[in-house]
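Have a look at the structure below, then the notes.
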Amino acid sequence: CCIPASYKSNPSDLRCKGTCFTERACNDTSYPFSSADEKAMYPTLDNRTQRYKQDLRRECQYPPSLVPPMEWCQTPNNEQHITNETITRIIPNIPPMGCGTGAFQNLLIFPSAKLAFCGIPKVGITQWIQFLRFIAGAKDYPSVPHYKADVSFFRFNNLDPSVQKRIWEDEGWTFAAFLREPAERLLSAYLDKVGEDGGRFFKNQGLNETMTLEKLIDFLARPENATSCDVSKRNGLTWCSDPHWRPQVFSCGMSERLDRFQFIGNIENAADHARELLEHVGLWNTYGKKFVHGGEMKGKGMCTVKPITLN
């Protein structure tokens, strides 16, 4: 089927190519979770109020500090948890959960293993999302996974604030990330985006669509002088920088709370480090050693849908 049972109605704007879901997804409203009980433990924040949207937009555009401090393993702030009904600020001085392309945009949860994986663009994030969908039983897991409807349930940003706080404070949850040599990562990002839509990607970032690598490096090396996330006013590297070249430590609170991460892998030793992590959380024998990344499906196997309310 093309539309999972977790949707309340058949959206008319769904675009599907290839096989998107298994039979279970078509009939079981608990998909992509393993059971209805597991799904109930991780509710998403669907009914967002107008006030929430306004507050979050302001926090995203004008975060308290555009360039976060770089003191690693600092003593946690005693008042680090500031929570209301719609916004969770686990770590002070960084944009809160749900804040666009902010720090927690790519934090993925693997509920059965209590694994919170910090995906970082150009550091193997695509393969980890594919693995997440492989565990859920998605038949098309090798396809481009970033805009699949079932992934949204496992994005930390989308969870109810009480669930976010519970996961962050529970020492039984393993927080993990993989890092990559920064210069190599920047080159990879540039080569990936330079030909995209005739340079439109760079233009959308407020840059020249004929941007060379040297010019991009010069732009990113400038001192940060912005007071908002307006693309026409910002330069340097801040929370507002595109996540493909934003510093890796700006991800998932690592710049402030590296001590919360039990596992930091290296992309150069991805196979060995991934196995070590999956063995630690109990996913290697059941899924890890069976997962085969054979490349992306032809035609990208896209199945995307505009945002709608989920059950």
State all residues of the stretch 252-289 that are closer than 25 Å to I90 by Cβ, acidic (D, E) and open to solvent by 70 Å² or more (accessible area, probe 1.4 Å); if no residue qualifies, say none. D259
Please name all residue pairs, on different chains or six or more residues apart, with Cβ atoms under 9 Å, provided the first residue is in the stretch 129-150 and is among the polar types (S, T, N, Q) and the second residue is at pLDDT 85 or above and not in a loop (DSSP other than H, G, I, E, B). S143/Q130; S143/R133
Of all helices (runs of 4 or more DSSP H) completely enclosed by the stretch 1-100, which ones contain at least 2 residues that are modelled with pLDDT under 60 and among the hydrophobic types (A, V, I, L, M, F, W, C)? none
Looking at the stretch 120-177, which of the residues that are of a type in the set (G, A, S) and within 16 Å of the chain's Cα centre (by Cα) is farthest from P43 (Cα to Cα)? G124
If you go through the stretch 112-120 one residue at a time, do you hit one that is among the aromatic types (F, W, Y) and in contact with a Gly (Cβ under 9 Å, 6 or more places away or on another chain)? no
Filtering the stretch 104-160 down to residues that are in contact with a helix residue (DSSP H, G or I) (Cβ under 8 Å, 6 or more places away or on another chain) and of a type in the set (K, R), which residue is most open to solvent (accessible area, probe 1.4 Å)? K114
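The rows are residues; the columns are (1) open to solvent by less than 60 Å² (accessible area, probe 1.4 Å); (2) at pLDDT 80 or above.
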| position | (1), (2) |
| --- | --- |
| E209 | no, no |
| A226 | yes, no |
| D242 | yes, yes |
| F250 | yes, yes |
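The values are calculated or read from the model by the stated rules, or taken from the named source; none is laboratory data. Owing to the predicted nature of the structure, the values given are computational and were not obtained by experimental measurement. As a convention, Cβ positions derive from the backbone with ideal geometry for all residues, glycine included, and neighbour counts pool all protein chains shown. Ligands, DNA and RNA are stripped out before the accessible areas are found, and what is left, the full protein with its side chains, is counted by its heavy atoms. Shrake-Rupley method; radii C 1.70, N 1.55, O 1.52, S 1.80 Å.
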